[in-house]
Structures are given as structure tokens and as C-alpha cells.
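J.: I have a structure here, written as C-alpha cells, and I will follow up with some questions on it.
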Amino acid sequence: MNVVNVVPMPLSSVPPPRTTVPHRPVLTDEIVAAIQPRSGGVYVDATLGAGGHTIALLGAGAGHVIGIDRDRRALATAAERLDRLSPRVELRHARFSQLREELAALGIDSVDGVIADVGLSSMQLDVADRGMSFRREGPLDMRMDRDRGETAGELLERLTDDELTEVLLKLGEERRARRVARCVKQDLRTGRLETTMDLRRSVVRAVGPARVGGVDPATRTFQALRMAVNGELNELEQLMDAAAAVVVPGGVVAVISFHSLEDRIVKRKLRDDPLWQPLSKKPIVPGDQEVFENPRARSAKLRAAKRLARAEGEAER
Ligand SMILES: C[S@@+](CC[C@H](N)C(=O)[O-])C[C@H]1O[C@@H](n2cnc3c(N)ncnc32)[C@H](O)[C@@H]1O
């Protein structure tokens, strides 16, 4: 494994670390236990976020961590927190679907482990100008990477009523998708839909204000649009393929997901590739204490698998 090109980030000019945690990582002990980092090992944190999992890996003895995030703000926050550890980290602004290319750019063709904690960080959800929250007035943006791609507003303009219905059904599992799509498109046409709160009002107009099981009526619509804007399922498929190509025999992939469609992708990719040996039959979920302390952890599922060596003469797929 070639690590000579892992150049430390010049982090010394950034301000000192904050005192509050910008995003509370989930299943941290479990992900470290799955990876079992070694001092000579190189690991990828494909969803760096605020760097919580990376800090835990380094704290548990990982030699180097390459942290990837498509969100520049997340990278800046993590850089600040990782300052002290900077000789052992390399931060990359990229989509994790580009994992192989990012490693190639560093002169690395294989790593000892890949972790991912897919979805949204608290930093993205809590900041109004990202447009990800139906609780805050913001632009209809929802992009994790604000340097590229279509915003939620542009996506809503482009999709037909039928296409929007499909997105809400598939990614949001919204039973009243057709009604929601019709109201949203109507409000767009009449100029009544410009912000996140407008979008929430459209959804409420379609399905009523009732909260089902304590869940806001706009939850499913916002989730579906965010996943569509960021191509989240496709990204995860590609990450799993890339991990299969770069993790060394004996190395581990460990993925935390929060959505049943994502968990299904991880489960299928690990099951269908005979060179992955799952570390547990069932996904690992947070204990009661973690959920109590961090309610956002409640739907997290961790699946991890070890890479097996290819048998002699077995063709590369
Ligand atoms: C749940 S947060 C990760 C939090 C992190 N584990 C921590 O301890 O702070 C998910 C992060 O992954 C990033 N992300 C999501 N999809 C991505 C993708 N396809 N490529 C790169 N980064 C992605 C998001 O921008 C976000 O910062």
C-alpha cells in the first residue's frame, strides 16, 4: 500500500477547535470495533461530516484517514476539529462515488477499511440556508455540494406531475404522493412556492396538518426531494462497488444508513458479493442509551463486512 502521497492538510491557520460538537456521531464504538484500526493502516471515512468518526478511528490507533465529503462547509468544520491530528489525515472535497479516482489522485490503490455514515448531518439540517429543514425558512436548495447540481427548486420545476409523484412514492414512501405532487406543482405555477416553508404549506394543503405518529406531514416530501437532489441511492450503490474494489483482503467496510432503501442497498451489495463476509447477520443498531441521548440515532443501522482473499485462479469481476 502506498501512503507516501498522503499529504497532511495545511490546517494550522484555522481557528482553534470549537467547544460544542457540531454533529454527534452515531454508533461510534461499534464502527471502531468493526474496523479495528491499526497504526500502519490507511482508512477512508467517506462521509467525513464534522469528523467525529474519523477522530474516533484515529483515537483507536488508525495510521491515516482519508476523509471525503461533498460539502465544503463540513470539510471546513472537520479541518478545524482535526487540526491537531492533521499529519494523519487527508481531506478531499468529492462525492464518495468518486472514491477510486480520489484514491488514485493520492497514489493509493487499496485501503484497509472504508466507513460511511450516509445521509444528512445536523450541521446541514440545522442551518436554514441549506433548505433541508421544513422547520426553518430557507431557499429550496437541499444540495449537499453547493458547487454543482440542480437545486430542489429547479428539480421541482423540471419534473412533471407524474415524475414528482414517482419520486415522492419511491424515495419518501409518501402514500398521498399524487395529491402532494399536484399541490406542489400548482403552487409553483402560481408563484406561491419559493421557500422551504412554502413547500411545507403546499404539502399541508395536500394532506392536512395532522402529524402521524409525531411525524410532520412534510417529512416524507422533504426526505424524498433531498435524496433526489443529491442522487443519494445511486451514490451509495457506487460507493459499495468502489469499496469492493479498494478494500484489501482482511479489510472491512462499515456503513451506517438511516433509510430502509439505503439499508437494502448495503445489505444486497454485501450479500451478493462472495468476497464480503458480513460481520453480523443482522444490522447493528444503537442501544436505548444512545437513542435517549441522541434521538437522531434511532433509525441508524450499521452493516459491516470483511473482505476475503480471492481464490487462486478466480477471475476478477
Ligand atoms: C451523517 S453525516 C456524517 C457525520 C460524520 N460521521 C461525523 O462523525 O461527523 C453525512 C455526511 O456525508 C456527506 N455526504 C453524504 N453523501 C455524500 C456523498 N455522496 N459523497 C460525499 N459526501 C457525502 C454529507 O455532506 C455529510 O456531511
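Values in this text are rule-based calculations from the coordinates and carry no lab data. Computed from a prediction, not measured in an experiment: that's the story for all the values here. Neighbour counts are summed over all protein chains in view; Cβ atoms, including those assigned to glycine, are modelled from backbone coordinates with ideal geometry.
J.: Could you tell me how many cubic angstrom of Cα convex hull volume the chain has per residue?
T.: On the way: hull volume 45.3 nm³, N = 317.
That works out to 143 Å³ per residue.
J.: If you take every DSSP beta bridge fully contained in the chain, what fraction is antiparallel? Give it as a percent rounded to 5. Present the calculation step by step, with values, prior to reporting the outcome.
T.: Values: 12 of 30 bridges.
Of all bridge pairs located within the chain, approximately 40 percent are antiparallel.
J.: If neighbour count is taken as other Cβ atoms inside 10 Å, put His93, His53 in order from fewest to most. Could the numbers behind the result be given before it?
T.: Working: His93 16, His53 29.
Final ranking by Cβ density, sparse to dense: His93, His53.
J.: Long-range amide H contacts for Thr195: which residues qualify at under 5 Å (H placed 1.01 Å from N, peptide plane, sequence gap of 5 or more or a different chain)?
T.: Distant-sequence amide H within range of Thr195: zero hits.
J.: Report, by chain and number, residues whose modeled amide H sits under 5 Å from the one on Val44, excluding near sequence neighbours (fewer than 5 apart, same chain).
T.: HN-HN under 5 Å from Val44: Ile66, Gly113, Val114, Ile115.
J.: Which values of log₁₀ I(q)/I(0), to two decimal places, follow from the Debye formula for the range 146-229 at q = 0.15, 0.20 Å⁻¹ with a uniform point scatterer at every Cα?
T.: Once normalised to I(0) and log-transformed, intensities are -0.47, -0.84.
J.: While we're here: Just the number: Rg to Rh for the range 227-317, Cα atoms, Kirkwood Rh, two decimals.
T.: Numbers: Rg = 14.7 Å, Rh = 14.3 Å.
Here Rg/Rh amounts to 1.03.
J.: Hey, another quick one. Report ³J(HN,Hα) in whole Hz for each residue of the range 22-34, in order, from the Karplus equation J = 6.51 cos²θ - 1.76 cosθ + 1.60 where θ = phi - 60°; Gly and Pro get x.
T.: Working through the residues one at a time gives x, 8, 8, x, 10, 6, 5, 4, 5, 6, 5, 4, 5 Hz.
J.: R0 = 22 Å: FRET efficiency of Arg84 with Asp126, Cβ-based, nearest 0.05? Don't jump to the answer; show the numbers that get you there.
T.: Numbers: r = 25 Å, r/R0 = 1.15.
Efficiency computed from Cβ-Cβ geometry: 0.30.
J.: If you don't mind, there's one more thing I want to ask. Assuming R0 = 30 Å, can you tell me the calculated FRET efficiency for the pair Arg146 and Gln186, based on Cβ-Cβ distance, to the nearest 0.05?
T.: Calculated value: 0.60.
J.: Do the alpha carbons of any pairs in Lys282/Lys306; Lys170/Lys306; Lys185/Lys269; Lys185/Lys267; Lys170/Lys281 sit beyond 25 Å of each other, and which pairs?
T.: Numbers: Lys282/Lys306 15 Å; Lys170/Lys306 31 Å; Lys185/Lys269 36 Å; Lys185/Lys267 35 Å; Lys170/Lys281 27 Å.
Over 25 Å apart, Cα to Cα: Lys170/Lys306; Lys185/Lys269; Lys185/Lys267; Lys170/Lys281.
J.: What are the ³J(HN,Hα) couplings of the range 108-118, residue after residue, when phi is run through the Karplus curve with 6.51, -1.76, 1.60 and θ = phi - 60°? Round to Hz, x for glycine and proline.
T.: Those phi angles translate into 10, 10, 8, 9, 8, x, 10, 10, 8, 9, 7 Hz.
J.: What list of ³J(HN,Hα) couplings, whole Hz, do you get for the range 225-237 from phi and the Karplus terms 6.51, -1.76, 1.60, once you set θ to phi - 60° and write x for glycine and proline?
T.: Coupling constants for the range 225-237: 5, 4, 5, 6, 4, 9, x, 5, 6, 5, 4, 5, 4 Hz.
J.: Can I ask one more? Please work out the FRET efficiency for the pair Leu261 and Arg136, using the Cβ-Cβ distance as r and a Förster radius of 22 Å; give the result to the nearest 0.05. List each step's numbers first, then the result.
T.: Values: r = 25 Å, r/R0 = 1.16.
Working from the Cβ atoms, E equals 0.30.
J.: Okay, next question. Cα axis of helix 196-207 to longest principal axis of the chain: angle in degrees, 0 to 90, nearest 10?
T.: Result, in degrees: 60.
J.: Mind listing the long-range amide H neighbours of Gly251? Cut-off is under 5 Å, sequence gap 5 or more, other chains count too, H placed in the peptide plane at 1.01 Å from N.
T.: Arg307
J.: Moving to a separate point now. For the range 146-229, what relative contact order do you get, as a whole percent, if you take Cα pairs closer than 8 Å and at least 6 residues apart?
T.: Details: 84 pairs, mean separation 30.3, N = 84.
The value is 36 percent.
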